[in-house]
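To start, the structure under review is shown below, and the notes come after it.
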Amino acid sequence: MTSSSSYAPPPPRHAWSQASESEALELKGSRTAIADVSSTNEELLSDILGGGSHNGSIIIVSPFEADTLVANSIQPFSVEEVGSDAFLLSYGYDFERLSMQAHATAAVAGEGNGGGDEYVVESILAHDKLHVLVRTLLAVEAWRTHVLYRSDEKMSSSSSSLAPLAAKNGNSLRCAFTLHVETTIVGMLNLILYRREGCEALNAEVALALVDYCARSMASLAIPLSQNEMLRKQKQPKTPTQLRQRMQHRTPLDEIHDANLDSQYKTSVASVSLARYLCEHIESLHLSAQTRILDTHDYLVMLVPLIDEPPWTRRRRQIESSYSSSSNNNEAVIMVWEKLKENHNWEKVDPVDLLKVTKCEAQCWIALFHLTTTPLCRERYGLNAFRKEQLLKLRKFLTDVMLDQLPILADVRRYMDELTLLTVPENVTGHGSALLLQQVDSIREDIVSQNNSRSWDDVVHCQYDGIFSKVTDATDKALRRISEVYNIDGIENVLAVVGGNVPPRKQNEEVDESSSVEEEEDIVSKPLESVLLCVEHPDKEESISQFECKPLVGDDGTTTQTPNGLFRRMKMEICQINAADDYSTNGIQLTTIPSNSTLVANIFFGNGKHSIELQCDDVNLPSVSKENVNGDDSGGKVEQKSRPAKVWRQIGSIQERIVVQIGFKLVAVSNCEGSDETYVIDQVFVSQSAEKA
């Protein structure tokens, strides 16, 4: 029985970064981690295996891997590329893992126990990726409003949007995960902008784009319930009977529609928190963003309907059954209150607890506090009769019970009392509003204007023909890769911390049997017999060399504790079976291994009766690079940059419960043309799960 891990998604859009002495990188193209480690550095080995914890938080992405993923995976995508394999692997897989790790470390930091190094957030700021995240966020929003569903759909035929075409082809889950990316990016931006240095890192264009995006999201929550299908789905849920009938007769198009409404609601709620951080650090923003908050969008007035008619509180009918002494079943219909919690789940609230402030409610009040008490806002905000009337609607909520929970609102209540006595003009705006010119959201204009030369209908059909028509959810390898993120042990605790950022699910999903192998017995836990390591040519289907590796006699290995259990690491004895004898050094024949060779490891267990195959499509060994000393094209002296003496490559993962690490050593060789340097296999280690599955 053989389990294969040879699936290779489309190649990454960007080149790998070379691993340094303390880096580990898991790549999108294969289950391979690149590392440069020492066999004596057990702490670093634990990080490469994903083991242990970092300052008390679960390790999903190590600090070294996070830095490389931020540099290589967070890249801009156009609207036409949203939903593609490259997009899903970058943001649905790599960025999703970064988001989970960032929330996990932030939760530890919030507990005040001295841990929680927020290395993911720091890496994003260090690599200046904020503008990339915002641009991708706006690209997904444009895809949702102009491609998946057309804003002018009533004026167009149903085929003018992507949703019907994707539903007919069976791509509802791919659409759901693409929509989920928008929620994930907003959640990450919340972590980044929580700190003042995050807002200070925003340039004028990015800050303006974020302010406009939050305004659009808050406006979608403030639309009256009768005209707001997204909010109506949340505040008027179906009864169990209606929900059961809905699930039984739901079509793929209904699944995409539901996923769109759910994702839009989660994103809009998270955007309120994002708006609060922008208001809190408004002094750090550019003048154009400040004007947008105080005058153009008037965040103060926008917050009023969110507090007066909160979109995160609902009343619904609940049927309760009671049994009398005569054994008659009596059903009573009662009204219950529910509030949205931070994990995006609706929870029943007893009437006595209705005045308890939830985190969603607190975000609006804190934003209101900063907009009414910050000196800059008081100076620039132009009060008029309408604004005064709207703000005073909130005075009734500022009770002693509210102030006991949020004492900072005492200043807001004092502001409201002063405002009551203040005489304001009928019509006036803030300072600077008389300017004839106003900066536009150039990022969103650029994203939308890219399609001015052709209609959105062309983008829809281009996406369907080039992306969605080529795969279905049942055969989608990118979706199976994404599902690995949610199969990590202990991921439930991380998802709870993320705040309901749970992946989309599909009812009665058709599963491709080839994607999962049901084994009658646990192969990996059997005694390790040997490893047959094959180095294959990247362009030819032939083997360059083969190595047989067996555990050292009398060496039981060392054990390392990981979140996936106990792993035993064993050093292997290497025996080269066949090779092309191209080089020699000190009388020993060596084999040339191309830098982009393919590594295939066949691992045998239990006297060779069982085997597992793991594959890395490209080992990406460092190649010779040359540098012009003069730094110009004048033909000056050219020097060859040195390559690292040792390089490590890894096949497998702790989720597969088997890991093979190969150490390459740079050696000087001689041939008929002279001397040269090449990498040869120097060490092989195998880490095997020491526990039963």
Problem - Debye, to nearest 20: dipole size of the range 156-253, +1 on Lys, Arg Cβ, -1 on Asp, Glu Cβ - result: 760
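Starting with the highest mean, order 267-278, 306-317, 165-176, 375-386 by the number of other Cβ atoms within 10 Å, averaged over the residues of each peptide.
Values: 267-278: 24.7, 306-317: 16.6, 165-176: 22.6, 375-386: 14.8.
Ranked from most to least packed, the peptides come out as 267-278, 165-176, 306-317, 375-386.
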Handout entry: Stretch gain in nm, segment R216-T373, where the contour uses 0.36 nm per residue and the Cα spacing is subtracted
Key = 54.1 nm
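Place the peptides 130-141, 398-409, 677-688 in order of packing, highest mean first, counting for every residue the other Cβ atoms within 10 Å and averaging per peptide.
With the highest mean Cβ count within 10 Å placed first, the list reads 130-141, 677-688, 398-409.
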Handout entry: Test item: Cα-centred dipole of the range 204-315, Lys/Arg +1 and Asp/Glu -1 on Cβ, debye
Key = 780
Completion exercise
A student applying the Cα gyration tensor rule (rounded when a/c is under 1.5; otherwise prolate if a/b is larger than b/c, oblate if not) would label the range 200-253 prolate
Practice task
Please give the contour-minus-distance gain from Q227 to T239: 0.36 nm per residue of separation, less the Cα-Cα distance, rounded to one decimal in nm.
Solution key: 2.2 nm
Handout entry: N487 paired with T399, simple spin-label distance in nm, labels 7 Å along Cα-to-beta-carbon
Key = 5.2
Problem - Separation in nanometres of the label points that stand 7 Å from Cα toward Cβ, at D308 and D457 - result: 4.3
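Which FRET efficiency, nearest 0.05, do K692 and N596 yield, Cβ-Cβ r, R0 35 Å?
On the way: r = 38 Å, r/R0 = 1.09.
Efficiency, from the Cβ-Cβ distance: 0.40.
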Problem - Separation in nanometres of the label points that stand 7 Å from Cα toward Cβ, at D446 and A410 - result: 4.8
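Note down the magnitude of the dipole of the range 247-286 about its Cα centre, charges +1 on Lys and Arg C-beta and -1 on Asp and Glu C-beta and zero elsewhere, to the nearest 20 debye.
Values: 3 positive and 6 negative charges, 7 e Å.
Magnitude of the dipole: close to 40 debye.
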Problem - Above-threshold pairs, the threshold being 30 Å between Cα atoms, out of K356/K388; K359/K396; K470/K526 - result: K470/K526
Completion exercise
On the formula 1/(1 + (r/R0)^6), with r taken between the Cβ atoms of Q576 and S623 and R0 of 25 Å, the FRET efficiency rounded to 0.05 is 0.60
Handout entry: Nearest-0.05 FRET efficiency for L354 and R250, computed from C-beta distance (R0 30 Å)
Key = 0.35
Problem - Accessible area of Y486 in the full protein assembly, 1.4 Å probe (Å², nearest 10) - result: 40
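The values are calculated or read from the model by the stated rules, or taken from the named source; none is laboratory data. Remember, predicted model here, so these are calculated numbers, not experimental data. Positions of Cβ are generated from backbone atoms using ideal geometry, with glycine treated the same way; all protein chains shown enter the neighbour counts. When the accessible area is computed, the model is the full protein with side chains, heavy atoms only, and any ligands, DNA or RNA have been set aside. Shrake-Rupley method; radii C 1.70, N 1.55, O 1.52, S 1.80 Å.
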